[in-house]
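Chemist: Please find one structure pasted underneath; my questions will follow.
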Amino acid sequence: MRPTLLLPFAVCACLAGADSARAQDADYAPASDAHRAGRWSMQFQIVDDFRIAGFESAGLAMTRNAGENSAWRFGVYMTGQSWGGDFARTTTTDSTSVVQEGPPIDQDRFSVHLDLLRVHRFHPARRVGLELGVGPSVQFERFRDETENANPFYTTHNEARASVSRYGLAGRFGVEVFLARDLSIHAHYGASAGYMQDTSTQQSTISYVTGESGESTFEAQRRQWFFEDEGVGLGISLYL
């Protein structure tokens, strides 16, 4: 685990220790009100460079309290990227300038991650409390890379595709600290385990100036059990 990821967890842990030292059994009215049955909240995560991003691998997480000590949390995280263009690099010295050109490249990336966690809160009426969440998780990823390279003798076209599916259980354990009414921060350690399937294909075509051509296709599949350490994330909860 990276040291930078330990910092938010350490900060919240220190706050928790300080709060417990001040008042072991003191109740905090905003925490009791925020955790009452039927109330909703939203969660966001602040990553290493303090940009607002997904909550524990979720672009948006919604939580509904089932009771003072328990809640259901549903998270959805989607990412997508599409890029295309030519590669060119210019190297300049005192007397010359050389341009290196590469083949056109098209790339597509897409992933969606869903999880549904049953959350148990320890000491929900206190300003600082612990949380434990466990539940099912699914994730789908799709990749596509396409390149084309031409020279005076032949042209090659390569296309690679890959898809990854993961099914398993996700777990989160951490501390929540209320900063004000309806607003808290939390640091959670996350991990997931389950079964995954990875399918990849690669197709290559070569066309010569003489009119001849050739084609080759490669396909591979992989199935395995997995366990992933997702590290520690610092987040914000907004109670509605």
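The values are calculated or read from the model by the stated rules, or taken from the named source; none is laboratory data. Every value quoted in this text rests on a predicted model; they were computed, and no experiment measured them. As a convention, Cβ positions derive from the backbone with ideal geometry for all residues, glycine included, and neighbour counts pool all protein chains shown.
Chemist: Give me the residue from region 39-53 that is in contact with a Gly (Cβ under 8 Å, 6 or more places away or on another chain) and not aliphatic (A, V, I, L, M) and, out of that set, modelled with the lowest pLDDT.
Modeler: Gln45
Chemist: Among the residues of region 202-240, what is the count of those that are surrounded by 15 or more Cβ atoms within 10 Å (Cβ to Cβ), touching a Phe, Trp or Tyr at 6+ places or on another chain (Cβ under 9 Å) and farther than 19 Å from Gly133 by Cα?
Modeler: Result for region 202-240: 5.
Chemist: Okay, moving on. Can you tell me which residues in region 123-168 are in contact (Cβ under 8 Å) with a residue 40 or more places away in the chain, of a type in the set (Val, Ile, Thr) and more than 21 Å from Glu215 (Cβ to Cβ)?
Modeler: Hit for region 123-168 is Val128, nothing else.
Chemist: Across region 73-114, which residue is farthest from His157 (Cα to Cα) among those that are modelled with pLDDT of 75 or more and among the hydroxyl-bearing types (Ser, Thr, Tyr)? Don't jump to the end; show me each part of the working.
Modeler: Residues of region 73-114 modelled with pLDDT of 75 or more: 73-82, 106-114.
Then drop every residue that is not among the hydroxyl-bearing types (Ser, Thr, Tyr), which leaves 77, 79, 82, 111.
Numbers: Tyr77: 33, Thr79: 27, Ser82: 19, Ser111: 26 Å.
Per the stated criteria, the residue is Tyr77.
Chemist: Just a yes or no: is a residue in region 178-186 over 17 Å from Glu141 (Cα atoms), among the aromatic types (Phe, Trp, Tyr), in contact with a Pro (Cβ under 9 Å, 6 or more places away or on another chain) and touching a residue at least 60 places away in the same chain (Cβ under 8 Å)? Show your work before the answer.
Modeler: Initial filter on region 178-186 (over 17 Å from Glu141 (Cα atoms)): 178-186.
Adding the requirement that they be among the aromatic types (Phe, Trp, Tyr) leaves 178.
Cutting the leftovers down to in contact with a Pro (Cβ under 9 Å, 6 or more places away or on another chain) gives us 178.
This time we only want the ones that are touching a residue at least 60 places away in the same chain (Cβ under 8 Å), so: 178.
The answer is yes, given that some residue of region 178-186 is over 17 Å from Glu141 (Cα atoms), among the aromatic types (Phe, Trp, Tyr), in contact with a Pro (Cβ under 9 Å, 6 or more places away or on another chain) and touching a residue at least 60 places away in the same chain (Cβ under 8 Å).
Chemist: Restricting attention to region 182-240, and to residues there that are among the β-branched types (Val, Ile, Thr) and closer than 30 Å to Trp72 by Cβ, which single residue is modelled with the lowest pLDDT?
Modeler: For region 182-240, the residue satisfying everything is Val232.
Chemist: What pairs come out if I take residues in region 198-219 that are under 20 Å from Arg161 (Cα atoms) and pair them with residues that are among the hydrophobic types (A, V, I, L, M, F, W, C) whose C-beta lies under 6 Å away, six or more apart or interchain?
Modeler: Listed pairs, sorted by first residue: Asp198/Val164; Ser200/Ala162; Ser200/Ala220; Gln202/Ala160; Gln202/Phe218; Gly214/Ile206.
Chemist: Still on this structure, I have one more. Going by the conditions given, is Glu131 surrounded by 15 or more Cβ atoms within 10 Å (Cβ to Cβ), modelled with pLDDT of 90 or more and assigned to a strand (DSSP E or B)?
Modeler: Numbers: surrounded by 15 or more Cβ atoms within 10 Å (Cβ to Cβ): yes; modelled with pLDDT of 90 or more: yes; assigned to a strand (DSSP E or B): yes.
Here the answer is yes, as Glu131 does meet what is asked.
Chemist: How many residues does region 109-161 hold that are within 23 Å of the chain's Cα centre (by Cα) and among the β-branched types (Val, Ile, Thr)? Walk me through how you get there before you give the answer.
Modeler: Here is the first cut: in region 109-161, the residues within 23 Å of the chain's Cα centre (by Cα) are 109-120, 130-145, 161.
This time we only want the ones that are among the β-branched types (Val, Ile, Thr), so: 112, 119, 134, 138.
Going through region 109-161 one residue at a time, the tally reaches 4.
Chemist: Which ones in region 142-156 are in a strand (DSSP E or B) and surrounded by fewer than 17 Cβ atoms within 10 Å (Cβ to Cβ)?
Modeler: Filtering region 142-156 for residues in a strand (DSSP E or B) gives 142-150, 154-156.
Correct list: Arg142, Phe143, Arg144, Asp145, Glu148, Asn149, Ala150, Tyr154, Thr155, Thr156.
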